[in-house]
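K.L.:
Below is a structure I'd like to ask you about.
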Amino acid sequence: MPTTFSLDDVRAVCKRRDAWWTVLLVDPVAIRITRVLANRTSITPSQITIVAFLLGLGSAACFLQGTTGYLIAGAVLYHVGFILDCCDGKIARLKGLGTPFGGWLDFMFDRIRDSICAVALGFGMFWQTGQSAYLGMACAILALDMFRYLNGSQMIKARKAMRASAAAVKANEEAEEEAAEPAPAG
């Protein structure tokens, strides 16, 4: 009999730390979708990643139009794509299907989707309004997003180094305290 996953099983594979937006507005839906996908389909995490990416491209096409209706449609598509993007990792962890290639594909498609959407939004608004500030904002979004992700691996390395250093200092202090204690009289 195939494994049936509960909501608690899915919650158990959620990231321990995540952005407030994800925790409050994405995960409550993504957890339920993940449970349905895990229990009723044979879809793979990479297939979910591709669908989320395609929704992101649809979102960018809407953003490029720059009109109110298309901006709303683009935002909805982007959010639905983001929800699915959160399902791929949960399915991978839940079913033990995670691979280095799948992780790379997810990361790359996320960066490409976010970049294309930022550029499309900036150009769409520029074409609608003629205000070049929107192009500048698109460039700023790209720069900040890339800095965040390029810097992320450096921050992880720095955090690990700081923890290792703190652990070494603590171990050294404990060793000094032990050495300073008088030997028991015997």
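The values are calculated or read from the model by the stated rules, or taken from the named source; none is laboratory data. Keep in mind that what you see is a predicted model, and the values were worked out from it rather than measured. Don't worry about glycine lacking a Cβ; one is built from the backbone with ideal geometry, like all the others, and counts go over all protein chains shown. Side chains included, ligands, DNA and RNA excluded: accessible areas come from the protein's heavy atoms. Shrake-Rupley method; radii C 1.70, N 1.55, O 1.52, S 1.80 Å.
K.L.:
Assess whether Cys117 counts as being part of a helix (DSSP H, G or I) and either β-branched (Val, Ile, Thr) or touching a Gly at 6+ places or on another chain (Cβ under 8 Å) (or both).
P.N.:
yes
K.L.:
(1) under 30 Å from Phe126 (Cβ atoms); (2) open to solvent by less than 40 Å² (accessible area, probe 1.4 Å); (3) in contact with a Lys or Arg (Cβ under 9 Å, 6 or more places away or on another chain): which one isn't true of Tyr78, the others all being true?
P.N.:
(2)
K.L.:
Exactly one of these conditions fails for Arg35: (1) crowded, with 19+ Cβ neighbours inside 10 Å; (2) in a helix (DSSP H, G or I); (3) at pLDDT below 95. Give me its number.
P.N.:
(3)
K.L.:
Checking Val13 against (1) in contact with a Lys or Arg (Cβ under 7 Å, 6 or more places away or on another chain); (2) of a type in the set (A, V, I, L, M); (3) open to solvent by 40 Å² or more (accessible area, probe 1.4 Å), which test does it fail?
P.N.:
(3)
K.L.:
So the check is Cβ under 7 Å with 6+ separation or different chains; which pairs have a first residue in the stretch 74-103 that's of a type outside the set (Gly, Ala, Ser) and a second one that's open to solvent by 50 Å² or more (accessible area, probe 1.4 Å)?
P.N.:
Between residues of the stretch 74-103 that are of a type outside the set (Gly, Ala, Ser) and residues that are open to solvent by 50 Å² or more (accessible area, probe 1.4 Å), the close pairs are Ile83/Val29; Ile83/Ile33; Leu84/Val51; Cys87/Ile33; Ile91/Leu97; Leu94/Asp9; Leu97/Thr44.
K.L.:
Report the residue count in the stretch 16-32 for those that are within 13 Å of the chain's Cα centre (by Cα), open to solvent by 30 Å² or more (accessible area, probe 1.4 Å) and of a type outside the set (Asp, Glu). Before you say what the answer is, go through the steps one by one.
P.N.:
Taking the stretch 16-32 and keeping what is within 13 Å of the chain's Cα centre (by Cα), we get 16-23, 26-27, 30.
Adding the requirement that they be open to solvent by 30 Å² or more (accessible area, probe 1.4 Å) leaves 16-21, 23.
Keeping just the survivors that are of a type outside the set (Asp, Glu) gives 16-17, 19-21, 23.
Of the residues in the stretch 16-32, 6 are within 13 Å of the chain's Cα centre (by Cα), open to solvent by 30 Å² or more (accessible area, probe 1.4 Å) and of a type outside the set (Asp, Glu).
K.L.:
Residues being part of a helix (DSSP H, G or I), under 16 Å from His79 (Cβ atoms) and not acidic (Asp, Glu): count how many of those fall in the stretch 1-32. Break it down stepwise before answering.
P.N.:
First, pick out the residues of the stretch 1-32 that are part of a helix (DSSP H, G or I): 7-12, 20-32.
Subset that is under 16 Å from His79 (Cβ atoms): 20-32.
Adding the requirement that they be not acidic (Asp, Glu) leaves 20-26, 28-32.
The total comes to 12.
K.L.:
I'm trying to understand the selection: among the residues of the stretch 104-131, which are buried (at least 16 other Cβ atoms within 10 Å of the Cβ) and under 18 Å from the mean Cα position of the chain (by Cα)?
P.N.:
Leu105, Asp106, Phe109, Asp110, Arg113, Asp114, Ser115, Ile116, Cys117, Ala118
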